[in-house]
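Structure, as structure tokens:
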Amino acid sequence: MAYDRRIALAKDGPSLSRLVLGIWRLLDGDDKPDADSVARLIAAALDLGMTSFDHADIYGNYEVEAAFGAGFRRWAGRRESVELITKCDIMLKSANRPANRVKHYDTSAAHIAASVDRSLLNLNIDYIDILLLHRPDPLMDAGETAEALARLVKSGKIRAVGVSNFTPSQIDLLASRLPFPIVTNQIEMSVLHTDPLADGSLDHSQRLGYAPMIWSPLGGGGLFTGSGSREQAVRTALSTVGDEIGEKDISAIALAWLLRHPARLVPVLGSLKPDRMAGMVRALDIVLDRQQWFAILEASEGREVA
Amino acid sequence: MAYDRRIALAKDGPSLSRLVLGIWRLLDGDDKPDADSVARLIAAALDLGMTSFDHADIYGNYEVEAAFGAGFRRWAGRRESVELITKCDIMLKSANRPANRVKHYDTSAAHIAASVDRSLLNLNIDYIDILLLHRPDPLMDAGETAEALARLVKSGKIRAVGVSNFTPSQIDLLASRLPFPIVTNQIEMSVLHTDPLADGSLDHSQRLGYAPMIWSPLGGGGLFTGSGSREQAVRTALSTVGDEIGEKDISAIALAWLLRHPARLVPVLGSLKPDRMAGMVRALDIVLDRQQWFAILEASEGREVA
Amino acid sequence: MAYDRRIALAKDGPSLSRLVLGIWRLLDGDDKPDADSVARLIAAALDLGMTSFDHADIYGNYEVEAAFGAGFRRWAGRRESVELITKCDIMLKSANRPANRVKHYDTSAAHIAASVDRSLLNLNIDYIDILLLHRPDPLMDAGETAEALARLVKSGKIRAVGVSNFTPSQIDLLASRLPFPIVTNQIEMSVLHTDPLADGSLDHSQRLGYAPMIWSPLGGGGLFTGSGSREQAVRTALSTVGDEIGEKDISAIALAWLLRHPARLVPVLGSLKPDRMAGMVRALDIVLDRQQWFAILEASEGREVA
């Protein structure tokens with residue numbers, strides 16, 4: 001048994017590869033990748049079945065989209081063979097945005113439209129597959145924001161709308177003004193961050209039928225290096241399950257733990273190293289049984305279920 | 001004035017006796033009751049107007065249902081004159097379930113169907129009045145679970161479906177897939193555990209019209225023996241009200257405090273001693289006035305209302 | 001740019017002045033105001049555009065309504081040129097209510113009807129513009145309460161129904177039984193109390209389209225005198241914004257911070273001094289930009305947004 005390599009985020013919603021490649025660290029290393037190496041990265045991801053790439057305007061201090069876009073043009077594959085997700089509404093204090101005097105959010109119609117135009121230009125594309133509101137904006141005027149998003153869909157600049165880090169209550173508000181469904185909520189979850197199991201996020205997504213995208217699906221590295229008792233217990237539990245099924249890469253087990261959830265979670269992988277990516281993609285062939293899944297949960301929460 | 005002796009849990013839902021007898025401690029004593037003594041217990045409960053009996057597959061390390069079932073056959077009254085509730089989905093580590101290596105939950109279709117078949121066999125009955133999901137399962141696939149429950153209702157093996165320890169969000173999810181309403185949510189509440197007044201559980205049940213069943217309605221014994229300041233303050237408040245109305249058994253007052261709530265709470269009594277049961281049944285004749293009710297709340301929460 | 005001086009609380013709901021005068025401190029001083037001075041206060045408020053007055057049966061130990069009512073008769077303006085809001089359901093221990101032995105709430109039909117009759121008499125009016133349930137009553141029987149409120153609207157004694165300090169869950173419950181929408185939820189919020197931004201209250205109100213009234217919109221005085229680090233940081237942030245826009249009264253900035261929210265907040269001002277009122281009314285001409293708004297939020301929460 002194995003998981004489907006592709007997933008429809010919502011009824012009549014867009015399809016992504018079940019594992020999405022997150023591009024936020026593209027410029028984190030000392031050697032900035034040139035267009036050729038980005039093109040190779042894209043090809044390597046596709047070879048592994050990952051056709052979906054997760055961006056945000058702010059990644060790499062507002063510079064990742066353009067670096068990716070240069071590589072995307074060099075790659076020269078068919079636009080329709082990949083899906084590009086990007087986000088807007090966080091306003092960083094940055095030399096690239098000198099007008100921002102305080103970190104804030106902006107879900108105004110003007111900012112959303114301008115941000116989409118910049119992302120299209122940077123990415124060298126003429127449509128975005130999914131635009132996400134990056135963070136809930138306490139000043140969101142749901143009517144204005146929804147109208148701006150609907151206009152962008154109508155214009156063809158974006159094909160679908162999602163959110164990120166929203167509560168069910170915030171989703172219900174925005175959804176009440178949109179003429180189409182929200183296709184995803186990108187949230188943090190991992191074997192080290194299990195809050196969404198209890199805070200209603202996954203109840204809401206399963207009830208309404210949208211698939212959550214998952215950021216930091218490996219817990220941000222703590223899984224491998226953390227010395228706290230939680231990290232150690234989880235590492236042991238993952239290794240034990242790995243021994244049972246013959247998988248040495250605990251990343252793959254940790255991702256399989258997410259894939260097992262009926263809310264249809266779509267992990268966004270943060271590593272851009274092809275060998276790490278290949279290890280993680282094996283998660284798609286690992287279907288944990290209930291007891292393996294709960295043994296990992298028990299290790300993470302430090303107690304039996306009630 | 002007094003409370004009705006019977007209550008319909010929901011519109012077109014099943015009716016129970018207003019006080020339900022919880023059977024979970026049937027095998028807790030040193031002398032295990034034989035079929036004759038269980039038959040006498042059933043008769044004693046009915047004499048007190050308690051026709052509804054609350055079970056779970058796991059009670060008494062998976063052995064209570066069968067012990068009760070033997071007594072139920074011996075009792076030999078009409079099946080229709082009683083209501084039997086049971087539960088499933090908790091998977092204990094137990095010599096009686098050697099396959100369980102880790103405590104977990106299971107709301108899969110296969111487990112629910114198998115658990116119901118075992119409960120029917122153990123209880124010596126051919127239908128269960130209400131089947132409850134015992135705990136929210138983080139791996140619940142609402143579509144699969146609801147379909148399994150609907151199939152059981154259609155087959156006649158169970159007559160109604162409820163849940164236990166669910167949040168409103170979890171109930172909304174399951175309800176969204178069921179072709180009939182959920183008839184109850186069995187939750188913990190007492191004069192020592194007042195959280196449901198504020199956490200939305202009772203708002204939800206009153207809005208949707210299902211009556212919550214209440215476990216540990218006396219606070220698990222702490223009411224009588226607890227030396228903490230909360231227990232002492234509540235005991236004093238209950239005694240004061242008891243003095244006002246001429247009732248010496250503070251259990252009866254504590255139950256009357258629950259019965260007073262407009263969400264129509266259905267306490268599940270945990271004592272199987274006929275004299276204790278008789279004292280508690282007097283709660284049905286005690287209608288507290290608002291100030292008595294709030295005086296007890298104030299004692300429990302250690303402060304005036306806002 | 002400026003804010004409209006009037007606001008419709010809900011679709012087809014009543015209109016209020018955007019700033020409401022709260023009367024709860026009318027009798028707090030050493031010199032109790034006579035009818036003439038109350039009449040002058042009403043005239044002064046109207047001169048500033050404040051036509052709406054917020055009461056509760058309990059204010060001033062149950063005596064404010066009558067003191068205001070005497071002044072209202074003396075004032076002798078047109079009833080239709082003002083809006084009077086009052087509340088019920090808190091039962092204080094008070095020499096004026098000797099029957100109350102414990103502080104409690106009462107949303108029974110009998111109490112609501114009696115409280116409205118008393119408020120009408122005290123205020124010297126024959127209708128109340130909006131009646132609010134003052135606090136969520138854990139014993140609220142939604143059907144009974146809604147029927148009582150609907151009857152009062154039908155009789156003409158009250159023209160609209162709101163609540164105060166309710167959670168979304170509690171509003172949904174009451175709304176499920178009412179034949180008309182709830183027009184407001186009066187909650188606490190200020191630059192020093194930002195919880196409603198995150199607890200779902202403003203999502204709910206914006207989604208359903210009712211405008212929240214805001215009590216303690218200046219944080220109860222701590223804004224001016226508080227020596228805690230939060231108060232100091234907020235004071236500095238307000239002053240900085242004030243310097244940018246040429247407004248020396250930080251009250252006006254603090255109110256403008258509320259007015260900027262898209263959920264359409266309606267602050268209830270607590271000061272009855274005409275010069276203080278005049279300063280605050282200038283808030284209606286101050287439209288903060290996003291960065292000013294977030295700079296104040298950042299000061300209040302002691303951290304950048306995520």
Residues of segment C:274-306 satisfying the condition of being acidic (Asp, Glu) and either touching a Phe, Trp or Tyr at 6+ places or on another chain (Cβ under 6 Å) or in contact (Cβ under 8 Å) with a residue 24 or more places away in the chain (or both): C:Asp285, C:Glu298, C:Glu301
Within segment B:295-306, tally of residues that are at the interface with another protein chain (Cβ under 10 Å from one of its Cβ atoms) and under 24 Å from the mean Cα position of the chain (by Cα): 2
For segment B:33-71, enumerate the residues that are closer than 29 Å to B:His111 by Cα, surrounded by fewer than 19 Cβ atoms within 10 Å (Cβ to Cβ) and in contact with a Leu (Cβ under 9 Å, 6 or more places away or on another chain). B:Asn61, B:Tyr62, B:Glu63, B:Ala66
Within segment B:259-287, which residues are within 14 Å of another protein chain (Cβ to nearest Cβ), under 16 Å from B:Leu238 (Cα atoms) and buried (at least 21 other Cβ atoms within 10 Å of the Cβ)? B:Leu259
Which numbered condition A:Thr145 misses (of (1) buried (at least 23 other Cβ atoms within 10 Å of the Cβ); (2) over 17 Å from A:Leu255 (Cβ atoms); (3) away from chain C (no Cβ under 14 Å)): (3)
Exclusive hit being β-branched (Val, Ile, Thr), under 15 Å from C:Val191 (Cβ atoms) and touching a residue at least 60 places away in the same chain (Cβ under 8 Å), set C:Val234, C:Val266: C:Val234
Closer than 30 Å to A:Gly228 by Cα and more than 10 Å from chain C (Cβ to nearest Cβ): is that true of A:Glu188 in this structure? yes
Tell me yes or no: at least one residue of segment A:113-130 is touching a residue at least 12 places away in the same chain (Cβ under 8 Å), closer than 22 Å to C:Gln206 by Cβ, open to solvent by 10 Å² or more (accessible area, probe 1.4 Å) and of a type in the set (A, V, I, L, M). yes
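Per-residue answers, yes or no, for (1) in contact with an Asp or Glu (Cβ under 8 Å, 6 or more places away or on another chain); (2) not hydrophobic (A, V, I, L, M, F, W, C):
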{"position": "B:Ile42", "(1), (2)": "no, no"}
{"position": "B:Leu48", "(1), (2)": "no, no"}
{"position": "B:Ser52", "(1), (2)": "yes, yes"}
{"position": "B:Val64", "(1), (2)": "no, no"}
{"position": "B:Gly71", "(1), (2)": "yes, yes"}
{"position": "B:Trp75", "(1), (2)": "no, no"}
{"position": "B:Arg78", "(1), (2)": "no, yes"}
{"position": "B:Arg97", "(1), (2)": "no, yes"}
Among the residues of segment A:2-22, are any of a type in the set (Phe, Trp, Tyr), more than 28 Å from A:Arg97 (Cα to Cα) and part of a loop (DSSP other than H, G, I, E, B)? yes
Filter segment A:155-175 down to residues that are touching a residue at least 60 places away in the same chain (Cβ under 8 Å) and touching a helix residue (DSSP H, G or I) at 6+ places or on another chain (Cβ under 8 Å) and give me whichever is surrounded by the fewest Cβ atoms within 10 Å (Cβ to Cβ). A:Arg159
Cross-chain or 6+ apart pairs with Cβ under 6 Å, segment A:135-146 first and under 17 Å from C:Val305 (Cβ atoms), then part of a helix (DSSP H, G or I): A:Pro136/A:Gln170; A:Pro138/C:Leu197
Those residues that are within 14 Å of chain A (Cβ to nearest Cβ) and surrounded by fewer than 20 Cβ atoms within 10 Å (Cβ to Cβ), I need them from segment B:72-94; list them, please. B:Leu92, B:Lys93, B:Ser94
Can you tell me which residue within segment A:194-219, out of those that are more than 9 Å from chain B (Cβ to nearest Cβ) and surrounded by fewer than 18 Cβ atoms within 10 Å (Cβ to Cβ), is farthest from B:Ser176 (Cα to Cα)? A:Asp195
Within segment A:95-105, restricting to residues that are open to solvent by less than 20 Å² (accessible area, probe 1.4 Å) and under 25 Å from the mean Cα position of the chain (by Cα), the one that is nearest to the other protein chains (Cβ to nearest Cβ) is A:His104
Scanning segment A:230-262 for residues that are more than 16 Å from A:Arg276 (Cβ to Cβ) and among the polar types (S, T, N, Q) gives A:Gln232, A:Thr236, A:Ser239, A:Thr240
If you go through C:Asp30, C:Asp34, the only one that is more than 27 Å from C:Ala254 (Cα to Cα), at pLDDT 95 or above and of a type in the set (Asp, Glu) is C:Asp34
Note on A:Gly226: of the conditions (1) more than 14 Å from every other protein chain (Cβ to nearest Cβ); (2) open to solvent by less than 50 Å² (accessible area, probe 1.4 Å); (3) in contact (Cβ under 8 Å) with a residue 40 or more places away in the chain, unmet is (3)
Being open to solvent by 10 Å² or more (accessible area, probe 1.4 Å), β-branched (Val, Ile, Thr) and either touching a residue at least 40 places away in the same chain (Cβ under 8 Å) or within 25 Å of C:Asp137 (Cβ to Cβ) (or both) narrows it down to one of B:Thr240, B:Thr184, so name that one. B:Thr240
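The values are calculated or read from the model by the stated rules, or taken from the named source; none is laboratory data. What you see is a predicted model, and the numbers here were worked out from it, not measured in a lab. Cβ: placed from backbone, ideal geometry, glycine included. Neighbour counts: every protein chain shown. These accessible areas exclude ligands, DNA and RNA; they are computed on the full protein's heavy atoms, side chains included. Shrake-Rupley method; radii C 1.70, N 1.55, O 1.52, S 1.80 Å.
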